[in-house]
Amino acid sequence: MWNTTFEENLKHLTFACKNGTVSAYKEYHVYLISISKPNQTDNETILINASQRIALHDLETDGLKSHIFDRIVFNAELLVLDNCHVSQPFYEMVQKLFPKITYLYFDVEGESPMLNSQPKVPPSFINFTDLLNALPKIQQITSTHYHNANWISEILQVKDHSVVDLHLCYGRVEQCDEFDYNLLLAFLKVQRTGFRLALTFCQLKVQRFDGKLMRFVDQNLLRGCGPKQMDSNGRARWTRTRVTVSTGANIYLTWWLPLDND
């Protein structure tokens, strides 16, 4: 029997789990029937060119083992994890299924294509050591409430990772406990050239932490974005580590970490 490929070009592709069954959707609410065609044979492949984003809603590791992923080739670089139960085995499955992913977006606020309301507390928290060991090519991470207070020490345990942009949104007081500013400074000093750390304090109950943070970076970093340098493609690149802090009071400030010879 001849191997047959069915192609479909999509900007977004979403998978959601309900009652143990994983289904695929175009956008958020349009069922992608072609993925589970009843007459599909073992020699047929569906090539999905999801050019912008793949989203996973309410999935655990076992959900990523669903047959629905077996005959699909994924090309998107952005993966949204909405209310997923993350763990090292989960990240390992992500690496296997979506090898081209370079940007991870963790969310608990969105609405599932199953129209379930989502809790604001995630079902699990990111362990950055597990994440970066399983996904060493990830370059950009955004976490809306998915991280805990140990993220700095967890990342520092991984010596060889590719992250150049890390955005953390704080919405709960417990995320800010034991925030070690000296450890933060040590963390910033060992990141890749051009690394950016963005911290957003999006709830009034945690905004009392941002004042202390901004006083600390004011004392140890310089205001602004720092110098740029043209790369081999003629594009301007930031050459210093940057920290951006934004708050619910519409404050948006950036600092940069000078080198010894600056």
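Give me Tyr146, Tyr91 sorted ascending by neighbouring Cβ count inside 10 Å, so fewest comes first.
So the ranking, lowest neighbour count to highest, is Tyr91, Tyr146.
Couplings 3J(HN,Hα) for segment 53-70, derived from phi with the Karplus relation 6.51 cos²θ - 1.76 cosθ + 1.60 (θ = phi - 60°), are 8, 10, 10, 10, 10, 6, 9, 10, 4, 4, x, 6, 8, 4, 4, 5, 8, 5 Hz, where x marks Gly and Pro. For the pair Ser162 and Gln139 in one chain, pulling the backbone fully straight at 0.36 nm per residue adds 7.8 nm over the alpha carbon distance. Using a simple spin-label model with pseudo-atoms 7 Å out from Cα toward Cβ, Met230 and Lys189 lie 3.4 nm apart. Using 0.36 nm times the number of residues separating Asn182 and Lys212, minus their current alpha carbon distance, what extension gain do you get? Here the segment from Asn182 to Lys212 would lengthen by 9.5 nm.
None of the figures in this text is laboratory data; all of them are computed from the coordinates on show. Fair warning: this is a prediction, and the values are worked out from it, not measured in the lab. Reconstructed Cβ throughout: ideal geometry from the backbone, glycine too, with neighbour counts over all protein chains shown.
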